[in-house]
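Since the structure comes first, as structure tokens, the remarks are kept for the end.
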Amino acid sequence: MNHIGIAGTGYVGLVTGVCLAEVGHHVTCLDISEEKIALLRSGKSTIFEPGLDEMLQKNIREERLHFTTDRTEAYHGKDMIFIAVGTPEGENGQADLSYVRQAAADIADTVTNDIIVVTKSTVPVGTNEMVEDIIRSQSTIDVHAVSNPEFLREGNAIYDAFHGDRIVIGGNHEPAVQKVAALYEPFDIPVVQTDTKSAELIKYASNAFLATKISFINEIANICEITGANVEAVAKGMGLDKRIGTQFLKAGIGFGGSCFPKDTKALTSMSAEAGYEFRMLNAVLEVNELQHNKLMEKANEYSAIHRGTKTAVLGLAFKPNTDDTRDSPAIHMIEELQRKGADIIAYDPIATDKMKAVFPDLTYTDSLEEALSGAETAFIITDWQQIKEQTPDFFTKLMKRPLIFDGRNCFDPGEMLSGGIHYHSIGRSG
Ligand code: UGA
């Protein structure tokens with residue numbers, strides 16, 4: 001059992017803290033927001049994540065998990081401190097490391113024993129060295145920084161924490177690396193041990209590669225539309241080749257979320273800074289931007305949207321099973337519809353509150369029926385199960401004119417057509 005402090009209770013910090021407590025470690029999570037800490041102490045998580053609240057409450061009750069705004073309580077006398085603060089998009093797409101620097105300075109200021117600092121935040125190559133330099137230059141303690149990037153998917157984070165494909169641990173001080181590896185023994189997930197810089201790069205390379213797969217299949221979808229092929233058949237035929245793999249070949253309206261757009265830009269920018277132009281990634285980002293316009297282009301072909309057209313936007317989260325709307329393709333879609341003067345009603349089962357911060361004056365509903373009632377056009381942005389399980393009847397009964405533009409290929413075009421719906425999707429006829 002280790003005593004662990006965690007800087008930052010965002011997605012990564014909170015899930016890491018809860019899961020490390022679950023396997024028996026003693027964890028104290030630190031955040032600057034009093035409000036957030038009060039909520040977490042009461043056993044309510046600040047994000048929607050299946051299974052998280054239950055595990056949070058259990059570990060608080062069993063006194064392995066604590067939340068505080070007090071640095072000394074979080075850092076003093078610990079075996080390890082995890083840095084899990086945000087690294088938002090900064091100037092020219094670079095990762096903004098100001099929160100990481102601050103966390104390192106705070107550790108130097110608070111900790112009196114020798115310490116292992118584990119960096120979970122997604123950070124550019126060289127950041128762990130920088131963290132060590134900051135702490136060494138501002139204190140007399142001995143510090144070893146270990147890179148331990150996070151590969152959790154939102155909506156599946158607890159499952160991934162216990163069943164992930166790998167745990168990456170990168171460090172140049174073997175005893176520190178071994179101590180971090182020992183933390184994860186109960187998880188029974190293969191550990192990949194590398195030097196620090198390679199571990200830092202594995203995270204960016206993985207996210208950028210997955211983003212590349214998505215932009216690639218989206219371009220194939222565009223070719224399918226021109227030639228009459230079907231992107232789903234193509235993806236299946238490609239994906240069964242084990243060297244390609246079936247996952248992340250789902251065509252749609254482009255990737256969003258707090259990671260892929262930010263990390264792809266950060267890797268491009270990191271490469272440029274190192275004097276190397278990562279040409280492919282520029283294209284991946286460009287294709288993604290163009291793909292965000294796809295549904296509107298289709299709607300324009302059919303002159304579907306005019307001033308006052310009653311329009312339902314179905315799904316606001318960047319993907320299902322999360323209330324996260326950061327960089328969601330829905331944002332782009334709503335902006336385009338507003339430009340056209342559409343009368344918009346936006347639906348999401350759980351993400352409306354988050355979207356209100358972006359579009360405070362939009363009309364929202366958490367009822368799918370209400371969104372579609374009397375609508376002339378509907379745009380499907382997130383493939384929520386609740387949307388996918390509907391039949392053509394459901395739409396024809398509620399909508400005034402059943403015209404649907406589906407950015408996630410939720411339905412079979414033939415069934416929609418025979419159900420009386422004018423249905424347009426991505427990379428398929430129909
Ligand atoms: C992603 C990675 O998958 C995680 O491994 C990583 O830990 C995380 O970023 C992170 O860096 O923290 P996440 O952002 O939760 O996880 O979402 P994904 O499930 O990867 O989806 C990202 C976007 O790609 C979504 O907008 C999704 O709709 C889109 N997508 C995904 C597609 O358009 N097609 C696909 O085939 C797959």
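Selection over the range 311-339 of residues that are in contact with a Lys or Arg (Cβ under 7 Å, 6 or more places away or on another chain) and modelled with pLDDT of 95 or more gives a count of 2.
Given the criteria buried (at least 19 other Cβ atoms within 10 Å of the Cβ) and of a type in the set (Ser, Thr, Tyr), does residue 382 qualify? It is true that residue 382 is buried (at least 19 other Cβ atoms within 10 Å of the Cβ) and of a type in the set (Ser, Thr, Tyr). The residues listed here are 262, 213, 250; of these, the one that is in contact with a Leu (Cβ under 8 Å, 6 or more places away or on another chain) and within 11 Å of the ligand (Cβ to nearest atom) is 213.
Among 408, 401, which is at pLDDT below 95, touching an Asp or Glu at 6+ places or on another chain (Cβ under 6 Å) and charged (D, E, K, R)? I'd like the intermediate steps shown before the answer.
Details: 408 fails: at pLDDT below 95.
Going through 408, 401 in turn, just one is at pLDDT below 95, touching an Asp or Glu at 6+ places or on another chain (Cβ under 6 Å) and charged (D, E, K, R): 401.
Give the range 171-192 a look and list any residue that's modelled with pLDDT under 95, loosely packed, with under 13 Cβ neighbours inside 10 Å and part of a helix (DSSP H, G or I), or say none. Answer for the range 171-192, where residues must be modelled with pLDDT under 95, loosely packed, with under 13 Cβ neighbours inside 10 Å and part of a helix (DSSP H, G or I): just 185.
Of all positions in the range 217-235, none carries a residue that is within 19 Å of the chain's Cα centre (by Cα) and either more than 13 Å from the ligand (Cβ to nearest atom) or surrounded by fewer than 16 Cβ atoms within 10 Å (Cβ to Cβ) (or both).
Give the number of residues within the range 391-410 that are part of a loop (DSSP other than H, G, I, E, B) and closer than 20 Å to residue 428 by Cα.
If we filter the range 391-410 for residues that are part of a loop (DSSP other than H, G, I, E, B), which is where we start, we get 391, 399-402, 407-410.
After this cut, where a residue has to be closer than 20 Å to residue 428 by Cα as well, the list is 391, 402, 407-410.
Result for the range 391-410: 6.
More than 22 Å from the chain's Cα centre (by Cα) and free of Cβ contacts under 8 Å to residues at least 12 places away in the same chain: does that describe residue 73?
Taking the combined requirement at face value, the residue does not satisfy it.
On inspection, residue 245 does not qualify as small (Gly, Ala, Ser), part of a loop (DSSP other than H, G, I, E, B), out of contact with any helix residue (DSSP H, G or I) (no Cβ under 8 Å at 6 or more places or on another chain) and within 12 Å of the ligand (Cβ to nearest atom).
Hey, could you check the range 343-373 for residues that are in contact with a helix residue (DSSP H, G or I) (Cβ under 8 Å, 6 or more places away or on another chain) and among the small types (Gly, Ala, Ser) and say which is farthest from residue 330 (Cα to Cα)? Break it down stepwise before answering.
So in the range 343-373, the residues in contact with a helix residue (DSSP H, G or I) (Cβ under 8 Å, 6 or more places away or on another chain) come out as 344-349, 355, 358-359, 362, 364-366, 368-369, 372-373.
The next check asks that each one be among the small types (Gly, Ala, Ser); those that pass are 346, 373.
Details: 346: 9, 373: 20 Å.
Across the range 343-373, the extreme among qualifying residues is 373.
The single condition among (1) within 15 Å of the ligand (Cβ to nearest atom); (2) surrounded by 16 or more Cβ atoms within 10 Å (Cβ to Cβ) that residue 205 does not satisfy is (2). Figure legend. Inter-residue proximity from the range 405-430: first residues among the aliphatic types (A, V, I, L, M) and within 16 Å of the ligand (Cβ to nearest atom), second residues modelled with pLDDT of 95 or more and in a loop (DSSP other than H, G, I, E, B), beta-carbon distance below 6 Å, spacing 6+ or different chains. Indicated pairs: 426/251; 426/252; 426/409. Of all residues in the range 129-170, those satisfying the criterion of being away from the ligand (no atom under 16 Å from the Cβ), buried (at least 16 other Cβ atoms within 10 Å of the Cβ) and either of a type in the set (A, V, I, L, M, F, W, C) or under 30 Å from residue 325 (Cα atoms) (or both) are 130, 131, 134, 135, 143, 145, 146. When the helices (runs of 4 or more DSSP H) confined to the range 285-379 are screened for residues that are within 13 Å of the ligand (Cβ to nearest atom), those reaching at least 1 such residues are found at 294-301, 329-339. Put simply, of 70, 79 the only residue that is of a type outside the set (S, T, N, Q), at pLDDT 95 or above and under 28 Å from residue 159 (Cβ atoms) is 79.
The values are calculated or read from the model by the stated rules, or taken from the named source; none is laboratory data. Values in this document were obtained by computation on a predicted structure and should not be read as measured data. For neighbour counting, all protein chains shown are included, and Cβ atoms are generated from backbone atoms with ideal geometry for every residue, glycine included.
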